[in-house]
Each structure stands twice: as C-alpha cells, then as structure tokens.
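See below for the structure under consideration.
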Amino acid sequence: MANIAAPALRRALSNLLLAVAAAVLILPVWFALVASSYNGADFLAGHVGLWFGKHGLATYQAVITGHGIVAMALPNIGRALVTSTIMALLITIGKIAISLPSAFAVTYFRFPLRGFWFALIFVTLLLPIEVRIVPTFQVAANFHMLNSFTGLTLPLIASATATFLFRQTFLSIPEELTEAARLDGASPMRFFIDIIIPMSRTSIAALTVILFIYGWNQYLWPLLVTTKTSWSTIVMVIGRLSQTAAEGDPVWNYTMATALLALVPPVFVVVAMQRLFVRGLTEMEK
Amino acid sequence: MIAKRVTFKRTGLPLALLAPQLAVTVVFFLWPTFVALKQSLYSSDAFGLREVFSGLANYRALLLHGNYPATLERSAFFAGSVTAISLVLGLVLAVMADSLGRSGRIWQALLVWPYALAPAVAGVLWAYMFDPAIGPITHALAFIGIDWNHVLNSGQAMTLIVMSAAMKQVAYNFLFYLAALQAIPKSLMEAAALDAAGPVRRLFSLIIPLIAPTTLFLLVVDLTYAFFDTFGLIDSTTYGGPGNSTTIMVYQVYKDGFIDQRFGPAAAQSMMLLLLVGALTMVQFTLVERRIDY
C-alpha cells in the first residue's frame, strides 16, 4: 500500500483541485444568497456586491407571504412550496405503491401474457413527456385534471424504473421463503405484505430519496397542467421570474430567494440521506 | 424472462396487481403516443378548418425545410458538449478523490449535492451570475476585457446553457466514477506502481480501460439528460434565444406544439424524439445485459 500512496505534494494538489471544484459548484449558491439580501433599489443603484446586504429578511418575508410584490404578479411562493411538497410526496408514494405490486406480479406469478404485460411497463421508458407533450395535455384536460393534484401527479407515476428495481430486489430474496410460506398455507397477498415488503424496505427507502427529488424537480408537466397561478409549483415559477428579472425589472432578489427555497429541500435530502441516495442511484443503474 | 422458481399459479390476482401500473401506462403514455403518431400524419387544410391526412408531409417539411435540421445539429452539439465536459471533469475529480484514499470521502458530500438541483434552478443561478447588466461574473469578465452578453451573443448563450447543464451531470458522473475506481483491486494499482508507471500513464493504460463500462453507461445517461431533461434550464436562462441559437429539440417541440399550436409539425417532432430516446435506451440495455454477463 505504502508504495502507491501519493506523496504529500500530490495529495495536497489533489485536495486543492477538489476544493476548487467544490468552490466553483457552491459559487452560484453563494451569489444567489447574497443577491437575495438586497432590495430592488440596491440592484438599480448597482450596490450589490459580494457580501450580504441588509434586506434579506424582508426579501424572504415578501416572497413567502406574497406581500409587497403584487406589482409583478408573483405567485405566492409559500403556497407554491406547499404545492411542491404535496406533489413530490404524492409522486413518490404513487410510484412506489403501483410498482411494488406490479413487480410482485411479474416475479412471483405464472400467468398468461406475463412477458407482454412486462414489456408494456418497459415502454414507458421510451416515452418521456416531451415525446407526447400535446396529446398528454389533451388527455389530462379531457379528464378535467387541470389545476389539481391528480393532474400534477397521476400521469407521472407509471414507473418502469421502480418496477425493475423492485423486481431485482425480489429476485434476490431466497426461494426457501416462498416455499415456507406456501407450506404454511399463506396466501400470496399475506406473503407479499408480511414478507416481501418488509424485506424490501432498504430498496423502498433508497428509492424514496431518488423519487422525491424527481418529483420536486418536475418542470414541464406542472407548467402545462396548471393554468392558475394558485396551482404553481416552486420550480415551475422560476422560468417566469427569471424572465422578468432578465427584462430589467429589479426582482433578482426575489428570483434568487425563490431559487434558493426551491433548491433547499432536495439538496437537504441528498446531503442528509447520502448513503441511501447513493444506494438508490447505483441500484437504479442496474 | 427470469422469474422465481417457486411461483404462484393464479391469473386474476397478478392482473389485478398489475392493473394500476398498466392503466396509467395506457392512458397517459400509450394512448397519447398513438395520438401523436396519428397527428404527425395529418395537416390542417388550406383554410385551417379541419385536419386532413397528409402522409409523411409533416416529416418531409420538418427535415427538408425550415429550421429543424439546424435544431438537430444544435441539440447534438449541446448534448455532446455537456456530455464531454461532464465525463472529463467527473473522471478527473473522481481520480483525485480516489487517490486520497479514505480521506477523499469527505469530498463526496461537497461535490455530489448539485445532483439534487432542478435544471431550471441551476439555469437561473447561472443566468444571474452572467446577467449582462448586473451579473457578478459579468462584471469580473469585463474587468479582464471580456464583454459578456448572452442575450445578444449566441455563442455565449450556448456556452451558458452548456455550463449550467454540466453542473448537475459532473456531480452524477463523479459519483459513479468514484464507485468504479474504488472497485478496482488495489493489487492491480500496486503492480502498476511497481512497474514504475507514473500517475498519468496509470490513468491512461490501466484506469480508463478498466472503467470503460462505467464510461459507456454514463455516456448514454449524460446524452439522455442533455437531450430530454434540460427544458427547464433553457426556459429559465435563454428562452431558446437569441434568435433560435439555444432552441434545442425539446424546446422547439414545446414552442411549436404548445405555444403556436402547430400540432402536425409538433407531432412529427415528437416522433423524432421517440426515435432518439428509443436508440439511447436500446444502447443502455445492451450495455446492461453485457454487464450482467461478466
């Protein structure tokens, strides 16, 4: 081991380069934090520097309550945060709830056309929303799903990836357990609920982390399926805020505050549950 | 298809278990795709009153006339650049972190978090830093004599979206490369070191060939991300402009289909996207199958 250990100089250089990379990645967040601590007048006067201003509290108060920024018709960000949270949780729970049974069905049963049904699930991988953008919107509109949590989440919860992952997990569960369950006369559903689901809890937890981030970060579908600003999610309002700011209105403080509020929940999840997150990601790869 | 050796023999129950997944798939995936396929074969008549069957006219118009060929080329350039930057930076950072042994672990948390950024959020953060009027980086660039204005300069606009799109993927690639490097047996590295192979030589003649499967996997994932997941990023930084210079495929299908309501051409574009995602998915699955064989 000793002969391949990098000499001190090389170690220092590696640490330095990694530190530079980490700094470059965090820099945009730093600038956003600084920008959100000034007010509109500061931006117009060119006062925004590299260190914090005095209006941080006022910015976040205005953004979350919606008071004081009526002029630009900003959706209520406090409300958008709640909508995003509910949407992300519903997508996560929905994907897991429909993928566990379908993975159980294709792994533990022999029944007609099993391969065909499995292939149908697989097809969703080939059809991201961009491929079927206009007709999917029309379907949602026909079902009166615009401006509802059903519309925001139901079309997104089919998941080939989650089904594959659970199937993989089930395949690694020893056959003896199934045999024992059958000898005990346990019904398939008893076996599923009492044995399979508890044995899959690590996979479920890992997938929860990944799916929460996926759900929270949705942009295009919420943009289509919500036509009232009261249904805005926090990520989808960023496009409009950015455009308003780029057109010269002094709202970069509100825009950056909103961007930071939008990034905190998923980043917190990744950092706090890093082990599960890494596990979830690397298992999805298989 | 692999299944358990011990299985239950029922028909109704497994179908009931599959039903929710299949229902969502058919209603929101298969049916809309079928409608898109049909729409791609129809055009509005001369008065715009009804849709008439026009065969492949939408596809011909898309590929031979108008701005779509340029959009394809631009999307390929964008996706290629994002992928190249993400692969190279991800690998370099992972090699550095791996060479530090256990203490390199702390860098994982500091480099991986951007994976959690929504593309729209990453986009708006960079749009602010580079804002032509008040961006802090724009000021710094002006100081060293570079005039930055991505609202007017199409090359700079493309550079901006490539950089902000790569931010998330560098984090992702770093994570997978680090895992791949840590899986290389230490004895191999020691043998190479005994042969007096320097770090650069080790990288090119040992490490890169050994982690080639990871590179292929990441290549497909990065391309898929850049082609399909970057709508929000464009929609929060350049809005496809200036002109059409940052209008990539997913942005154009939204503009044509949703904003301008040109359903036929948009549906034909949808089918092009389907072909692309189909090809990428096939490659990915072939790779995965190969890995299982190892």
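Values quoted throughout were computed directly from the atomic coordinates according to the rules given, and no laboratory measurement underlies them. These figures come from a predicted structure and were not determined experimentally. Every residue, glycine as well, gets a Cβ built from its backbone with ideal geometry; the counts of neighbours run over all protein chains shown.
So here's what we get for this one:
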read-out	value
Order of B:Thr159, A:Thr92 - criterion: other Cβ atoms within 10 Å of each residue's Cβ, fewest first	B:Thr159, A:Thr92
Shielding of B:201-214 by partner chains, average beta-carbon count, 10 Å	0
Length-normalised contact order of chain A in % [C-alpha pairs under 8 Å, at least 6 apart]	28
Between helix A:160-171 and chain A: long-axis angle, C-alpha atoms, 0 to 90°, nearest 10	40
Highest average packing first - B:237-243, A:192-198, A:153-159, Cβ atoms within 10 Å	A:153-159, B:237-243, A:192-198
Label-zone membership for the stretch B:160-204, site A:Leu13, 7 angstrom Cα→C-beta point, backbone N under 16 Å	B:197-204
Residues A:Ser187, A:Ser84 arranged by fewest to most Cβ contacts within 10 Å	A:Ser187, A:Ser84
Contact order normalised by residue count of the stretch B:74-247, Cα under 8 Å, 6+ apart, percent	40
Acute angle (nearest 10 degrees) that the helix A:133-142 long axis makes with the longest principal axis of chain A, alpha-carbon atoms	80
Space enclosed by the convex hull of the alpha-carbon atoms of the protein assembly as shown, per residue, Å³	180
Spacing of the two label points (7 Å from each Cα toward its C-beta) at A:Glu175 and B:Ala183, in nm	2.7
Relative contact order (percent, whole number), the stretch B:147-294, Cα cutoff 8 Å, 6+ residue spacing	29
15 Å beta-carbon shell around B:Gln269, net charge (K/R +1, D/E -1)	+2
Mean projected area (nm²) of the alpha-carbon convex hull when the stretch A:75-286 is viewed from all directions	14.1
Point-to-point label distance, A:Ala119-B:Ala212, nm (Cα→Cβ direction, 7 Å offset)	3.2
Value of D in µm² per second that Stokes-Einstein yields for the stretch B:1-155, Kirkwood Rh from Cα pairs, at 37 °C (0.692 mPa s)	145
Packing rank of A:233-240, B:80-87, where each peptide gets the mean count of other beta carbons within 10 Å, highest leading	A:233-240, B:80-87
Pair B:His65, B:Asn244: separation of 7 Å Cα→Cβ label points (nm)	1.3
Burial ranking of peptide ranges B:31-39, A:38-46 (average Cβ count within 10 Å, highest at the top)	B:31-39, A:38-46
